[in-house]
Amino acid sequence: MASRTLVKNYVAQWMQMGKTVSLSTQGEQVRLYKILQGEKYSPSFNQLWDEISTTKAKEAYLSGTDQTVSDLLSNKWEIIACARCNLLVPSVDIGPRTPVCCPCDDLPNHPNLDLVSPHVPVTLASHLDDLCDRLALKSEDQNQEDPEESHDDAYTSDEENTQSIHNLKNSILKLVKSSQSD
């Protein structure tokens, strides 16, 4: 069973790709141009999601697909990554995990690796914190791989490296927090 959050992320990703949401059997199409706003979904997208996940869930579906939002929220479906484009797609929860159809089937020149791919909202501070942690891990891994090799141009100890990374991390986080408060 796909969680409400996963189905919401699925709809958001494909709307970022220009897909519309059909709201009724009469073919009413809704297109939003602003899905993300800062570190969260835009108010217009949240309003649309509230509508299509409650009152119109049995009628609403993403263009290029046959599954309604109500279907996707049932026990029969799950949301997985498309093997072709790596965006979220619906898949029947029984048997092999293959997508029924990917909304990318009718998009020309997709996937386009030169463009930023659709994504869920990102909290900048936590994203930078994760980035700093990965840098610290990479630094530790490199130190463990060649502990006996001497580095003529390196005058620092492991403790100094750790402190430098910690200081860099704090500086970045202070910068992010100060820019958010402006």
**Request:** Tell me which of these Thr65 doesn't satisfy, since it passes every other one: (1) surrounded by fewer than 18 Cβ atoms within 10 Å (Cβ to Cβ); (2) touching a residue at least 12 places away in the same chain (Cβ under 8 Å); (3) part of a loop (DSSP other than H, G, I, E, B).
**Result:** (1)
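Going through segment 68-94 one residue at a time, which ones are in a helix (DSSP H, G or I) and among the small types (Gly, Ala, Ser)?
Step one: of segment 68-94, the residues in a helix (DSSP H, G or I) are 69-72.
Across segment 68-94, the qualifying residue is only Ser70.
Any residue at all in segment 35-54 that's among the β-branched types (Val, Ile, Thr), in a loop (DSSP other than H, G, I, E, B) and modelled with pLDDT under 85?
no
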**Asked** Cβ-Cβ below 8 Å, separation at least six or inter-chain, first residue in segment 1-18 and touching a residue at least 40 places away in the same chain (Cβ under 8 Å), second among the aliphatic types (A, V, I, L, M) and assigned to a helix (DSSP H, G or I): which pairs?
**Response** Ala2/Leu72; Val7/Val69; Val7/Leu72; Tyr10/Leu72; Val11/Ile52; Val11/Val69
**Request:** Would you be able to tell me the number of residues in segment 142-173 that are modelled with pLDDT of 70 or more and open to solvent by 80 Å² or more (accessible area, probe 1.4 Å)?
**Result:** 6
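The values are calculated or read from the model by the stated rules, or taken from the named source; none is laboratory data. Bear in mind that the values here come from a model prediction, so they are computed numbers and not experimental data. A quick note on method: Cβ atoms are made from the backbone with ideal geometry, for glycine too, and the neighbour counts reach across all protein chains shown. Side chains are part of the model used for accessible areas, which takes the heavy atoms of the whole protein and leaves out ligands, DNA and RNA. Shrake-Rupley method; radii C 1.70, N 1.55, O 1.52, S 1.80 Å.
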